[in-house]
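Input: a single structure, listed below in structure tokens.
The values are calculated or read from the model by the stated rules, or taken from the named source; none is laboratory data. All of these numbers come straight from a predicted model, not from anything done at the bench. Keep in mind that these areas ignore ligands, DNA and RNA; they rest on the heavy atoms of the full protein, side chains included. Shrake-Rupley method; radii C 1.70, N 1.55, O 1.52, S 1.80 Å.
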Amino acid sequence: MYTDAEIRQKQQLSRAAGLSGAELLDDAEAVKRDCNGIGAAWMPDTTREWISSANPSLVVVADIHDRRYSIGGTEADRQAADAEFRANGMKMAKHVYRCYDPRRYWVMWQVRKFAALLASFGALAFNYREEESGNNA
């Protein structure tokens, strides 16, 4: 679980990098409840911690993605959340590392790899919810 200070840092970083969905990190209690670093909730904590420490620039991107998955919705919402993860990951790579820094391209490669995993297995973790409509007929 993140501390309030860590959440404030994530809010600042996500806005500085121009990440889509940065406003989802404004609800500190939801961040504490929903966000767990990089990796699915069913993964052992040590595995998620290792993946997150190996990809520190993508943790805030994963936090926004975790919030989207927690909110849930339709299959289209899940696909939009996964596309947002990919776009935000690329933005973060460019925000953190300059074009001549090989780490930028490592992060971009990791983003593509994680996006492929989400496309294949994300539906297992997505929190689908019934959409409420006024039509009960």
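Listed by chain and number, the aspartates and glutamates placed with their C-alpha closer than 15 angstrom to that of residue 10 are 23, 26, 27, 29, 34, 63, 66; residues fewer than eight positions away on the same chain are left out.
Residue-wise HN-Hα couplings along the stretch 17-25, as the Karplus relation 6.51 cos²θ - 1.76 cosθ + 1.60 with θ = phi - 60° gives them from phi, are 7, x, 6, 5, x, 4, 5, 5, 8 Hz; Gly and Pro carry x.
The alpha carbon gyration tensor of the stretch 38-103 gives principal lengths a ≥ b ≥ c with a/c of 1.5 or higher and a/b no greater than b/c, which makes the shape oblate.
Here the sum of -39500 (n - 2.57) over DSSP H runs of 4 or more residues, divided by the residues of the chain, equals -21000 deg cm²/dmol at 222 nm, to the nearest 500.
Against the main long axis of the alpha-carbon atoms of the chain, helix 75-96 sits at an angle near 20°.
Heavy-atom accessible area per residue, the stretch 1-58, 1.4 Å probe: how many Å²?
Details: 3380 Å² over 58 residues.
Using a 1.4 Å probe on heavy atoms only, each residue of the stretch 1-58 averages 58 Å².
Taking 0.36 nm per residue of sequence separation and removing the Cα-Cα distance, the residue 30/residue 105 pair yields an extension gain of 23.8 nm.
Evaluated on the stretch 1-61, the Kirkwood hydrodynamic radius is 11.9 Å, with distances taken between all distinct Cα atoms.
Hey, any idea what % of the chain's accessible area is carbon plus sulfur with a 1.4 Å probe? Each step should come with its number before you reach the end.
Working: 4520 of 8170 Å².
Looking at the chain in its full context, I get 55 percent from C and S.
Computed log10 I(q)/I(0) for the chain at 0.21 Å⁻¹: -1.35, from the Debye equation with unit scatterers placed on every C-alpha and solvent omitted.
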